[in-house]
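The values are calculated or read from the model by the stated rules, or taken from the named source; none is laboratory data. Just so it is clear, the structure is predicted and the values come from calculations on it, not from any experiment. Glycine also receives a Cβ, built like all others from the backbone with ideal geometry; neighbour counts cover every protein chain displayed.
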Amino acid sequence: MIIKKKDSIFVAGHNGLVGSSIIRELKLNSFKNILTVNKKELNLLDQKKVLDFLRKKKPKFIFIAAAKVGGILTNNVLRGQFIYENLQIQNNLIHGAYLSSIKNLIFLGSNCVYPKECKQPIKENYLLNSYLEYTNEPYAIAKIAGIKMCENYNIQYHTNYRCLMPANLYGPNDNYDPDTSHFLPAIIRKACLLKRNKTNKFSVWGDGKTQREVLYVDDLAKACIFFMNTKTDKKHSVINIGSGRDYSINYYVKKICNMLNIKKYNIIYERNKPTGTFKKLLDTTIAKSYGWSPKISLTRGLELTIKSIQKIDF
């Protein structure tokens, strides 16, 4: 179903990296009936309150960008919290949407839902083929449950719930906390501290050879709206969204430092730290078959991201 300009659209998690990007993209496309709610007003962990909210507001479309997220350290330490909160949030929103007769929904997953030892690039049908990477297993299992919930609600209840699996995301409004951020904002933060002469050291977990694919968040936001408006085959309820290229951690460090004109820095490799899956490049053949492709290059995405954080006091 095509989103009409007057339709009510609920963006869950609108203050986060992805949610705020979806809001920006909707406004750029002249959608004005956008529904958001703060955590203080609605606790997404509360099933009754979520259902009451959806029945009262009656949005026609829902984008689920709300989740408990963090980097490898947080995922591994807050294991119980990650599986509980993510299961609860998505269960309440997906089941609440069904009970409120809301047929159209986009659920956002992650590339970490795929097995640790995966043939590259990763196709959607590799899901559940083997064991997950241990450090983010609780988060991944929760997201897989959300995928299967959407798939089976589509079968039983004839809903139109689709699941997008993005590569590692970055962009404005990211999390730069040294304890909870993902790898790319962590690198950007460390580079900015070098630039501001607050340190001359650059620590990297592992040996820097781990490969990662990244996607500028606005490309994902565009994909969310694109696939909400696109009729897809029922067998394509899960669709990978990626940039199509991956690079080593060392490459990202060098590129960002070059962009910030940092000439001298001392890389310290913390080889005892966990690095997760060595490589997880997504196959985006299905997404491209419908006409979607990323528009923002790595260089341009990093330029926009670095510009957005110039006034942040790290």
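Overview of results
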quantity: Hey, Ile188 at pLDDT 95 or above, out of contact with any Pro (no Cβ under 8 Å at 6 or more places or on another chain) and under 30 Å from Phe61 (Cβ atoms) or not; calculated: no
quantity: Wholly within the stretch 1-101, helices (runs of 4 or more DSSP H) carrying at least 2 residues that are free of Cβ contacts under 8 Å to residues at least 40 places away in the same chain and among the hydrophobic types (A, V, I, L, M, F, W, C); calculated: 17-28
quantity: The stretch 196-221: number of residues that are in contact with a helix residue (DSSP H, G or I) (Cβ under 6 Å, 6 or more places away or on another chain) and under 30 Å from Asp7 (Cα atoms); calculated: 4
quantity: Members of the stretch 25-41 that are among the charged types (D, E, K, R) and loosely packed, with under 15 Cβ neighbours inside 10 Å; calculated: Lys27, Lys32, Lys39, Lys40, Glu41
quantity: Residue, farthest from the chain's Cα centre (by Cα), within the stretch 246-270, restricted to residues that are basic (Lys, Arg) and at pLDDT 95 or above; calculated: Lys254
quantity: Selection count, the stretch 102-142, where residues are within 30 Å of Lys57 (Cα to Cα), of a type in the set (Lys, Arg) and free of Cβ contacts under 8 Å to residues at least 60 places away in the same chain; calculated: 0
quantity: Residues located in the stretch 149-172, provided they are of a type outside the set (S, T, N, Q), more than 20 Å from Cys118 (Cα to Cα) and outside any strand (DSSP E or B); calculated: Met149, Cys150, Glu151, Tyr153, Ile155, Tyr157, His158, Gly171, Pro172
quantity: Hey, Ile187 of a type in the set (Val, Ile, Thr), in a helix (DSSP H, G or I) and within 17 Å of Thr305 (Cα to Cα) or not; calculated: yes
quantity: Residue in the stretch 42-61 that is under 19 Å from Cys224 (Cα atoms), crowded, with 18+ Cβ neighbours inside 10 Å and within 22 Å of the chain's Cα centre (by Cα) present; calculated: yes
quantity: Filter result (in contact with an Asp or Glu (Cβ under 9 Å, 6 or more places away or on another chain) and among the hydrophobic types (A, V, I, L, M, F, W, C)) within the stretch 224-265; calculated: Cys224, Ile225, Val238, Ile239, Ile241, Ile249, Met259
quantity: Identity of the residue in the stretch 267-301, touching a residue at least 60 places away in the same chain (Cβ under 8 Å) and part of a helix (DSSP H, G or I), that ends up surrounded by the most Cβ atoms within 10 Å (Cβ to Cβ); calculated: Ala287
quantity: Selected residue [touching a Ser or Thr at 6+ places or on another chain (Cβ under 8 Å) and of a type outside the set (Asp, Glu)] from Lys195, Lys143; calculated: Lys143
quantity: The stretch 241-266 residues that are without any contact (Cβ under 8 Å) to a residue 12 or more places away in the chain, paired with ones that are in a helix (DSSP H, G or I) (beta carbon under 6 Å, 6 or more apart); calculated: none
